[in-house]
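Q: First the structure, which I've put down as structure tokens, then a few questions once you've had a look.
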Amino acid sequence: AVGIGDLKTADVIITIGGDGTILRTIRRLGAPIKILGIDMGSMGFLCEVEPEEMYYALDKVLAGQYRVQRVNLLAVSINDVQKDLALNDILIYTPQPAKVLDLQCKVNGITFFDGRADGLLISTPIGSTAYVVSLGGPLIDPTLNCLTAIVLNPLKLGVRPFVFSASSIIEVSFPTRKRKAAVIYSDGALTSTVNSKSIVKIRVSDLYVDFLRIRDLRHMFYKKFYEVRIRGGKEG
């Protein structure tokens with residue numbers, strides 16, 4: 001039988017499913033890793049290959065006729081201890097629905113938000129097609145290298161999404177006048193709980209995922225975006 005340890009040594013991991021399958025694969029196997037995604041879902045965005053194209057795509061890969069889209073993961077640390085990695089996004093969120101957090105958010109030591117809100121979402125460019133767009137944030141072209149930060153439901157008016165350079169370090173703290181904990185989600189999975197004395201830092205990691213692409217990256221990106229996020233899913 002093939003175990004997890006054997007899969008970690010594979011040249012390419014072929015996933016059959018949707019975006020969730022890819023996210024779970026990365027969480028189980030770690031990074032760096034190479035992935036070719038076969039899309040069996042109705043809303044998959046990370047996968048490129050349709051089921052009927054599987055053998056065609058495999059022939060292309062075996063012949064070396066593919067491009068690599070490298071995506072560096074986000075690293076989240078609490079009090080300077082690394083806790084988790086994420087491909088799409090890191091969400092710092094209130095643990096109590098309808099109860100807001102007190103947040104102070106800095107980028108490279110400069111405050112960009114200080115006040116009450118439901119939370120803060122930090123996203124990679126590849127994650128811009130997921131929670132970011134649903135929150136009214138920008139669609140990031142896959143050739144750009146940056147971070148997106150969105151304050152969720154701030155009580156202050158005029159707070160808009162932010163786009164920072166990929167070298168940025170985002171720091172989130174919680175004023176002690178409110179001693180509520182916050183929760184942290186990495187790619188939708190609850191991974192940590194923090195208290196008012198915690199300092200959360202998010203940066204781009206050196207670890208990465210390589211997606212094997214057999215078509216033009218930007219063409220497929222915008223085609224997929226239209227199918228999934230505008231039309232609402234694949235036909236059929």
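The values are calculated or read from the model by the stated rules, or taken from the named source; none is laboratory data. Model, not experiment: these values are computed from the prediction. With ideal geometry, Cβ positions are generated from the backbone for all residues, glycine too; neighbour counts draw on all protein chains shown. The protein model used for the area step is the full one, side chains on, heavy atoms only, and it has no ligands, DNA or RNA in it. Shrake-Rupley method; radii C 1.70, N 1.55, O 1.52, S 1.80 Å.
Q: Can you tell me which residue is surrounded by the fewest Cβ atoms within 10 Å (Cβ to Cβ) among those in segment 51-67 that are assigned to a helix (DSSP H, G or I) and of a type outside the set (A, V, I, L, M)?
A: The qualifying residue surrounded by the fewest Cβ atoms within 10 Å (Cβ to Cβ) is Glu52.
Q: Can you tell me which condition Arg70 does not meet? The list is (1) open to solvent by less than 20 Å² (accessible area, probe 1.4 Å); (2) in contact (Cβ under 8 Å) with a residue 60 or more places away in the chain; (3) part of a strand (DSSP E or B); (4) within 30 Å of Lys224 (Cα to Cα), and all the others hold.
A: (1)
Q: Confirm whether Gly18 is surrounded by 16 or more Cβ atoms within 10 Å (Cβ to Cβ), in contact (Cβ under 8 Å) with a residue 12 or more places away in the chain and touching a Gly at 6+ places or on another chain (Cβ under 6 Å).
A: The answer is yes for Gly18.
Q: Continuing with the same structure: Gly158 fails exactly one of the following numbered conditions: (1) in contact (Cβ under 8 Å) with a residue 12 or more places away in the chain; (2) open to solvent by less than 80 Å² (accessible area, probe 1.4 Å); (3) closer than 22 Å to Lys99 by Cα. What is the number of that condition?
A: (1)
Q: Here's something else I'd like to know. Quick check on Arg203: is it out of contact with any helix residue (DSSP H, G or I) (no Cβ under 6 Å at 6 or more places or on another chain), open to solvent by 70 Å² or more (accessible area, probe 1.4 Å) and either more than 30 Å from Gly37 (Cα to Cα) or hydroxyl-bearing (Ser, Thr, Tyr) (or both)?
A: So Arg203 fails the test.
Q: Collect the residues in segment 56-104 that are under 23 Å from the mean Cα position of the chain (by Cα) and of a type in the set (Val, Ile, Thr), keeping them in residue-number order.
A: Answer for segment 56-104, where residues must be under 23 Å from the mean Cα position of the chain (by Cα) and of a type in the set (Val, Ile, Thr): Val68, Val71, Val76, Ile78, Val81, Ile90, Ile92, Thr94.
Q: Which of (1) farther than 22 Å from Gly188 by Cα; (2) surrounded by fewer than 16 Cβ atoms within 10 Å (Cβ to Cβ) does Ser168 not meet, given it meets every other one?
A: With respect to (1) farther than 22 Å from Gly188 by Cα; (2) surrounded by fewer than 16 Cβ atoms within 10 Å (Cβ to Cβ), Ser168 is out only on (2).
Q: Residues that are surrounded by 22 or more Cβ atoms within 10 Å (Cβ to Cβ), in a helix (DSSP H, G or I) and under 14 Å from the mean Cα position of the chain (by Cα): does segment 117-125 have at least one?
A: No, every residue in segment 117-125 fails to be surrounded by 22 or more Cβ atoms within 10 Å (Cβ to Cβ), in a helix (DSSP H, G or I) and under 14 Å from the mean Cα position of the chain (by Cα).
Q: Please specify each residue of segment 74-111 satisfying the condition of being farther than 23 Å from Ser165 by Cβ, open to solvent by less than 40 Å² (accessible area, probe 1.4 Å) and hydroxyl-bearing (Ser, Thr, Tyr).
A: Of everything in segment 74-111, just one residue is farther than 23 Å from Ser165 by Cβ, open to solvent by less than 40 Å² (accessible area, probe 1.4 Å) and hydroxyl-bearing (Ser, Thr, Tyr), namely Thr94.
Q: Same structure, new question: Return the pairs, sorted by first residue and then second, in which the second residue is small (Gly, Ala, Ser) and open to solvent by less than 70 Å² (accessible area, probe 1.4 Å), the first residue lies in segment 104-116 and is under 16 Å from Ala182 (Cβ atoms), the beta carbons are less than 6 Å apart, and the residues are 6+ apart or on different chains.
A: Gln104/Ser173
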